[in-house]
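What follows is a set of notes on a single structure, which appears directly below.
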Amino acid sequence: MSKQEKARNNSHWKEVILIATDKKKSNKKRIVILIVLAILLVGGGVFLGIWLAGGNQVPDDLNIEGPLVARGTVAMPDNIDELMAQRGNPVEAGYYTTKMTNDWVFDTVSSPPRNVYVENPTRNNNTVYFDLLLDSGELLYSSPYIPVGAFIESITLDVPLAPGEYSPVVVYHLVDDDFNVLSTVSVRITLRILG
């Protein structure tokens, strides 16, 4: 073999060695990028899990389930100021805000209430209706549809209750234009029958 042929063969090997070295460097870069992406993905998942878990702090005595708990927006005496400060903000589609009294007083079970007020504020986007339920699931009252901007000031209970104090849940049903339920929101109130 001549010197020229040997030189050509050696230069060919150098090229092959250089190409292989570049591939090794490229593979190392890919591995590093994949590791960094995996760390970011795991870190993001941990952050999201902690953030979602922190928003679900609901007192045990409320017994409220469903979308309200998932969003972590239960109206309580300790957060009412914050919620009241937010009330000027427009409500996102699929969400609901209410203006209502939370202590309903009836002189007798058949008399009109003294202070029932439930409004579907103009900040909302959808019509609603509500059901008034005891913890047993017994339906005390079901409202008509309440369009945006409308309100109810008087109800008649569908079930005769003995005098006393009750803690029913008002379950709001947010409906679309075809009156299909989009979501629900539950609020515990105090209901008193005086005599």
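Only the coordinates and a few stated rules stand behind these numbers; no lab work does. Remember, it's a predicted structure, so these values are computed and weren't measured experimentally. Glycine also receives a Cβ, built like all others from the backbone with ideal geometry; neighbour counts cover every protein chain displayed.
Under a point spin-label approximation (7 Å from Cα along Cα-to-Cβ), what is the Ala38-Leu134 distance to one decimal in nm?
Placing both labels 7 Å along Cα→Cβ, they lie 5.9 nm apart.
Could you tell me the calculated FRET efficiency between Asp107 and Leu182, based on Cβ-Cβ distance and R0 = 45 angstrom, to the nearest 0.05? All intermediate terms of the calculation are to be shown ahead of the outcome.
Numbers: r = 37 Å, r/R0 = 0.81.
Once the sixth-power term is evaluated, E becomes 0.80.
Pull out the extension gain between Lys28 and Ser142, defined as 0.36 nm times the separation in residues minus the alpha carbon to alpha carbon distance; nm, one decimal. The partial results should precede the final answer.
Numbers: separation 114, 0.36 × 114 = 41.04 nm, distance 6.60 nm.
My answer for the length gained is 34.4 nm.
Cα-Cα pairs above 15 Å in segment 106-195: how many percent?
Details: 2412 of 4005 pairs.
Cα-Cα pairs of segment 106-195 separated by over 15 Å account for 60 percent.
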